[in-house]
Structure formats: C-alpha cells, structure tokens
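The values are calculated or read from the model by the stated rules, or taken from the named source; none is laboratory data. Here the structure is a predicted model, which is why all the values come from computation and not from measurement. Methodologically, a virtual Cβ is constructed for each residue, glycine included, from the backbone with ideal geometry; neighbour enumeration extends over all protein chains shown. Areas reflect the complete protein model, heavy atoms only, side chains present, ligands, DNA and RNA absent. Shrake-Rupley method; radii C 1.70, N 1.55, O 1.52, S 1.80 Å.
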Amino acid sequence: MENSSDIKVTTDAAIRIATLEKENAALKEALKNAEAANQAKSSFLSSMSHDIRTPMNAIMGMASIGLSHIDEKPRVHDCLLKIQTASTHLMSLVNDVLDMSRIDSGRLTLNEETFSLPDLVHDIFVIIRSQSVQKNQTLQLEIGEIYEENLIGDPLHLRQILVNIIGNAVKYTQQGGSIKVRFAQRLPETAASDKSSIWLDFSCEDNGMGMSPEFLERIFLPFERVQNEDTSQIEGTGLGMAIVKKLVDRMDGQIRVTSALKKGSCFQVELPMRVGQRSKKALSIPKGQTVLVAECHDKRAAAIIDCLTVSGLCPIHKKSGMDTVTWLTEAQYENHMPCAVFLGQELTDIPILELASHVRQLAGDDLPILLVSEEDWAQIEFRAKRAGVDAFVPCPLFRSRLIETLADLISKNCSDDGSLSSNADYSQYRILLVEDNELNQEIAVELLSLTGVQVEVASNGAQAVKIFEDSPEDYFDLIFMDVQMPVMNGYDATRHIRQMTRSDAGKVWIVAMTANAFVEDIRLSRDAGMDEHISKPVDFEQLEEVMRKCFSNVADRSRDAALSG
C-alpha cells in the first residue's frame, strides 16, 4: 500500500508533466504562428518588391522615353500621363505600408472634426468612377434614408475605409461587371432621449470573381491576398482589408463580408457617428413656384422631383429636349416662366449641354440653370459654363445640396460683389512660399504661377518670419508653409507670425504644405495656428481649392470693410 508521501510525489510529478506539456503545446503554437508570420512577411516582401518595382520601372522607363523624344509633344504628353498614373499607384503602396505600421504600433490617432456626408460621398465617387469607367463597369450609388448630413468623426480614415472597399470591388470585378454601393443612416435605439449620434450604414455589392470560404477566414489578416491566375495581374499589397478592419474596430463599428467564387462579394459596414451642428443658413426658396426638370431616366428624375416637392416647389418633368424647349417657349409667351431649370444626365433626343445652350438663348441670362449629374464636374465645367449652366449638383443626390445650390443662385446678387468666380484673375493676390528644397520650390512656383498669383519665396521659417515682419500690413494674402526646415521649422514660424502685434498677423491664411501627412501632423499644424493642410506630393486641384477658399475669404473681408467704411 502506497503511503501519503508517495501519493503526493506522484501527484506533483503528474502536475509538473501536465504543466510542461501545456507549456510545450503553447511553445509549439507560438512557433507555428511565428513561422506563419515569417512566411507571410517573406511573401509580403517578395510581393512588395514586385509591386514597387513595377511602377518604378514605368516611371523610369517613361522618363527615358520622354527625354529621347523631347521634341515630340504628343509622345512626351503620353509619357507624363503614364508617369503620373504610376506615381499615384506607388504612393498608395507606400501609404498602405505606413498606415499598417502606425496602426500596429498604436500610434494611429483618430481625428474628431465636423464634415459633410454629401461632400465625402461625392469625393469617393470621383475617386472611384474613373477606375470603373476604364473597365466599362456599371457603378451604381444609392442613397437611402439620411437623417443627418453634418457628422463628427474622422473623414480622412472614413474615406480610406470606403475607398478601399469600393476600390477592391472595382479591381476584382471583371470588365463590364456591376457594383452597387449604398449609403443610409439609422437612428440608435436611444434616439428618443439621445439625438447626438447616428449609425452610418454602408454596403458594397459586386458580381465579380468572389472569394472561397477558406480565404474569407483570412481576409482581414495582414499580407493576405488571393493567389490564382485571375488575380496575378492585379496590383496590391494584401494590406487594404487589414487596415479597413483595424480602422472599423477603432471606430467601434462592425464589418461583415459574404462571398462566393465566381458570383461576387458583399461588404457591409456599420459605424456610429456623432451628429454635427446643422447649418443655420436661411434658404430663400420661392415655395409654390414652378421648376422645370429635364431628364429621361425615370429613377434619376424621380429623385430630383422628390427633393423639389418636399421643399415646397412644383416640378414639371420633361424627357426630351424638344419637349423642354416647347414648354419653355409657351411659358415665356404666357409669362409664367419657371424659377429654375434642372437638367439631368441624359435626354431622349439631344445632349444635355446642347439643351442648356438652347435654354440659355431662349430664356436669357437671369434664369438659373442647374446640372444634376454623375459626371466629373472638373472635366465638363468649361463646356457646361459656356453652354449656360450656372451651377452643378453632384450625384448621388442629397436634398440639402440641391436646395442650397438653388437658393444660392436665386439669392445671388447679379452685380459684381467682389467674390471670386471659377475664372477669377488671381494676379491681384500675393503668396509667400516657404520651402527649403530648391526642387520643391521650383515645382510649387511653377504650379502657382499657372493661376497668375504673385509668389515670393523664403527658404526657411526664420526667413519667412523676417519677410513677413518687414512687409506692409495685408501685403501677403496667403502663406504656404513647409514644416521640416533648417534654422526654424514651420510650426515655430507660424507661432511667431501669429504672435506679432500687427492687424494681419492673426488673419493671414497659413497653409501647411508638407510631407508630414498623418492625422497627428494635421492636428499639430492646426495647434500651431495654420488654417489648412496640404500633403506632398502636392495635388494641383487641392492647391487650387485652398487658394479659391482663401481668396474668397479675402474678397469678403475687403467688401465688408468697404461697406462699413
């Protein structure tokens, strides 16, 4: 018979053995995970090497071809366009890697700012549409029930989530395929007592190549990509969905995905959002008056008509250019012209812009003509303005955007009020460009000179402070400020300018133009006293938009000063 001490020894040994086996199992699991991670990283580095070298090869190759055909303008133009495309792709690869690194290290900070949901959706649509058009795909955007259009959150990372998902749908859907994107909102369960938050629901459904059940289990892991002959020519890092999942989790949201091979995929995202302050702008809408809507597509026409009817207007719908002109001619003869004409995207008989020209000739300069379309306004603005279009309302359609645009046109003073128009002459304005890199100086000066604006240059922050201090008050209208510079950085230079005892020190626009592109960098620039933030490489359209906003602000101040004087 065993005594108690022998039993205790046996029990202790069994416990130690069980503990060791458990520790060994954990070590084996850790080793397995480490080996899998190393294999994934090795695969990632191999893929990244290929994906980075591909656009770099295009950039270097096209640069060589352009230099060797420098006198052939069409050939050089083609090379530059291809260099631009390859550079954009290369930048997206770099951004993905940096974003993943920051998220994993816990250094990613979500921003809190008020943003417009219609602006965000329109920006996303503009980004994605050109890619979809190239593949002859049907890209359909639908807007469901929207309760609040001004939201508080991180629009930069929200846009990153949505562009990643829709961009993947475009990439992994075949030529001629279809993609359906939907935005809607729903009230939280506490809506009766708490009206400060709302849920933003987003879905993206395609009929593309789809994913296997096995890959669906790994879709949100870093460095994972579908590997087959269908996807071998599709560029990417395998980081997009991992970044999306981490961002959604950081925003306390949810993401779900369903998919089937050769049938397509559906992504659904639900994000809680705080409600921003509603606009207090008074809208002068002539309720009860007639508006004419010309659009042959029933669904698009119904959306416009619904927005106008809810706002107290009386829409008349025509599907052809001939019917539109006939109705207007009769209305003019009988002296009951509409208060505005809304042109949709297409008619049964003539192009929309051709109808705009006819309407403008018939009705004169005073009748507001609005174009409601999915087109990229930047691409058609020149032709549309020449045809007589006064304003553009982008689709997908938000009622507030349509009504505010109409109200602005109706209340607009037809006389010259000093505000800036799309073809404004910027030669009266003066910019101080603060940039230490000579090549970047040259690029920025060349881009800015395209607008006619006067440019002076400083090579560091201290020099910028000195130039501003020695200049007369209100001499500079705008300062583009680099951040990382010798002698004095851009943050300190901005603080020095803001602290000066002169009337323009607090109101001159100072805009960061820097390679520091993260949300924390934007916050630092604002804390230093800067008004806007532009990330390098500089996008010319963004540059123009900042200048337009700044100079409009300057024009408003000048007009107010003249009226008060």
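Just wondering, is there one or more residues in the stretch 228-244 that are touching a Gly at 6+ places or on another chain (Cβ under 7 Å), of a type in the set (A, V, I, L, M, F, W, C) and modelled with pLDDT of 75 or more? The answer is no, given that none of the residues of the stretch 228-244 is touching a Gly at 6+ places or on another chain (Cβ under 7 Å), of a type in the set (A, V, I, L, M, F, W, C) and modelled with pLDDT of 75 or more.
The lone criterion from (1) in a strand (DSSP E or B); (2) buried (at least 22 other Cβ atoms within 10 Å of the Cβ) left unmet by P272 is number (2).
Taking the options D504, D474, name whichever one is acidic (D, E), closer than 26 Å to E544 by Cβ and open to solvent by 50 Å² or more (accessible area, probe 1.4 Å).
D474
The strands (runs of 3 or more DSSP E) found wholly in the stretch 361-471 and carrying at least 3 residues that are aliphatic (A, V, I, L, M), over 30 Å from N335 (Cβ atoms) and at pLDDT 85 or above occupy 430-434, 454-458.
Can you tell me which residue within the stretch 333-366, out of those that are charged (D, E, K, R) and open to solvent by 70 Å² or more (accessible area, probe 1.4 Å), is farthest from F382 (Cα to Cα)?
The extreme case among them is E334.
Here is the figure for the stretch 292-324: residues that are touching a Pro at 6+ places or on another chain (Cβ under 6 Å) and without any contact (Cβ under 8 Å) to a residue 40 or more places away in the chain total 1. Can you name the residue in the stretch 513-524 that is in contact with a Lys or Arg (Cβ under 9 Å, 6 or more places away or on another chain) and modelled with pLDDT of 80 or more and is also surrounded by the fewest Cβ atoms within 10 Å (Cβ to Cβ) among such residues? Only one residue fits best here, namely T514. Screening D527 against (1) over 23 Å from the mean Cα position of the chain (by Cα); (2) surrounded by 15 or more Cβ atoms within 10 Å (Cβ to Cβ); (3) part of a helix (DSSP H, G or I) leaves a single unmet condition, (2). Flag: G288 does not match the condition of being in contact with a Lys or Arg (Cβ under 6 Å, 6 or more places away or on another chain), at pLDDT 80 or above and exposed (fewer than 14 other Cβ atoms within 10 Å of the Cβ). The stretch 105-219 holds helices (runs of 4 or more DSSP H) entirely within its bounds, and those carrying 1 or more residues that are in contact with an Asp or Glu (Cβ under 8 Å, 6 or more places away or on another chain) and surrounded by fewer than 15 Cβ atoms within 10 Å (Cβ to Cβ) map to 117-134.
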